[in-house]
Amino acid sequence: MTPALKPLRRIAAYAVCLDASKRVLLIRESVRSGTPGVWTLPGGSVLHGEHPRDAVVREAAAESGLLLRAVAPIDVLADTRARPHREVTLHTDRILFEAEVISGEPEPLSPMVDEVRWVSLDEAATLQLRPFVAQVLKLPLSTVDLPPERMPELPGFHIQQAPDGRHTVQRFAAYGLVRDPRGRVLLTQVADGYPDAGCWHLPGGGTDFGEQPGQALLRELHEETGQVGRLRRLLGVASHREPEQVGPEGFAIDWHGVRPYYDVVVDEPAELVLADVGGSTVGARWFDPADVATLALTAVTAEALRAVA
């Protein structure tokens, strides 16, 4: 029997960068990496407290020698792959940014990269691409990454202890600016004992291991409010850090939340029903847009409303 692999989660951000000839900027992984010869997009892991758009700029400069500007998020994808040589199963939430080159020339700087160049989409279709790269470029999917034999369980809220003794959490969660055909906005209220208690919040929550962000959002929307939603588009990605946030755990946590938020419509509003009783949500309500401005809102809610103002 194959031994169980340890589940790990990470958040990463990547640049989808096209030149005037519609060629895409790609990097090739070196023999120092786990998958030599595979082509991917510039980018990598988001550090604790770092905004994903800043991670794109930092990682691209370290890999390619190019200074990029992250223009706007264009998609968020999740994938799960087995890494037997590391004895882990890895779930990665990948945030894809439209990006542009500010300065520099393509040059492989990282020991994990052996080539950086502009590639036409026709040529990219002939290369061995990471599956998420093929997906975002709308090219045939490859089989580079090994899927896990079985999907492990890992809590979406996973507290770790830093070397200096701090308790830290980097949590990925998906939220929706949910509206009905009349233009009303659906918000949920944060329960007592949780950060921002009493404030009004976007429906949504943490994604499960192996779950796509959009699927998680629609699942959470139904659990929190009883509504069936339809995704329309990605609005943005929020990144908030609270170095000493105290919640129901009863002790301070250095909390970093990365939260994509989507435009969602409920075509046929139903009775509001709170299925997940006893959690962080105490209630839900439809609001007219003019009334929302008078409410105490969470940071991600205010950001999402500004995005569509």
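The values are calculated or read from the model by the stated rules, or taken from the named source; none is laboratory data. Values in this document were obtained by computation on a predicted structure and should not be read as measured data. Backbone-built Cβ (ideal geometry, glycine too); neighbour counts: all protein chains shown. All accessible areas refer to the heavy atoms of the entire protein, side chains included, with ligands and DNA or RNA removed. Shrake-Rupley method; radii C 1.70, N 1.55, O 1.52, S 1.80 Å.
Nonpolar atom fraction for segment 250-309, defined as the carbon and sulfur part of the 1.4 Å probe accessible area, stands at 52 percent. Each of 302, 283, 265 was scored by the projection of its Cα onto the charge dipole of segment 261-309, and the greatest displacement toward the positive side belongs to 302; charges sit on the C-beta of Lys, Arg, Asp and Glu. If R0 is 41 Å, the Cβ-Cβ spacing of residue 268 and residue 125 corresponds to a FRET efficiency of close to 0.50.
Among the chymotrypsin sites (Phe, Trp or Tyr not before Pro) in segment 192-264, those placed in a DSSP loop whose Cβ has at most 11 other Cβ atoms within 10 Å are 251.
Residues of segment 207-231 falling in the label zone of residue 277, defined by backbone nitrogen less than 17 Å from a point 7 Å along Cα to beta-carbon, are 223-226. Think of the chain as having a plus end and a minus end, set by charges on the Cβ of Lys, Arg, Asp and Glu; of 18, 250, 89, 18 sits farthest toward the positive end of this dipole. The GluC sites (Glu not before Pro) of segment 1-100 that meet both conditions, a loop assignment by DSSP and at most 16 other Cβ atoms within 10 Å of the site Cβ, are 87.
Can you give the longest stretch of the chain with no exposed loop site, where a site means trypsin sites (Lys or Arg not before Pro) in a DSSP loop (not H, G, I, E or B) with at most 14 other C-beta atoms within 10 Å?
Numbers: sites that count: 22, 32, 138, 150, 166, 182.
Free of exposed loop sites, the longest segment is 183-309.
In this label model, residue 118 and residue 159 are separated by 5.1 nm, measuring between points 7 Å along each Cα→Cβ vector. When shorter helices are ignored and each DSSP H run of at least 4 residues is given -39500 (n - 2.57), the per-residue value for the chain at 222 nm works out to -4500 deg cm²/dmol.
To the nearest ten degrees, helix 299-308 and the longest principal axis of the Cα atoms of the chain are 80 degrees apart. A straight chain from residue 290 to residue 212 at 0.36 nm per residue would run longer than the Cα-Cα distance by 24.8 nm. In order along segment 64-80, phi translates into HN-Hα couplings of 10, x, 9, 8, 10, 10, 7, 7, 6, x, 10, 6, 9, 10, 10, 9, 10 Hz, rounded to whole numbers, per the Karplus curve 6.51 cos²θ - 1.76 cosθ + 1.60 with θ = phi - 60° and x for Gly and Pro.
Label-to-label distance for residue 35 and residue 88 is 1.5 nm, based on points extended 7 Å past Cα in the beta-carbon direction.
Against the empirical 2.2 N^0.38 Å (N residues), segment 39-163 has a Cα radius of gyration ratio of 1.15.
For the chain, the average shadow cast by the Cα convex hull is 18.1 nm², which is a quarter of the hull's surface.
Residue by residue, segment 107-120 carries 3J(HN,Hα) couplings of 7, x, 9, 7, x, 8, 10, 10, 7, 9, 6, 7, 10, 5 Hz when phi is fed to the Karplus relation 6.51 cos²θ - 1.76 cosθ + 1.60 (θ = phi - 60°); x denotes Gly or Pro.
Share of segment 171-249's accessible area from carbon and sulfur, percent, 1.4 Å?
Numbers: 1410 of 3290 Å².
Taking all protein chains in place, segment 171-249 shows 43 percent carbon and sulfur surface.
Using the heavy atoms of the protein chains alone and a 1.4 angstrom probe, what is the accessible area of the chain per residue in square angstrom?
Values: 14940 Å² over 309 residues.
Here the residues of the chain average 48 Å² of exposed surface.
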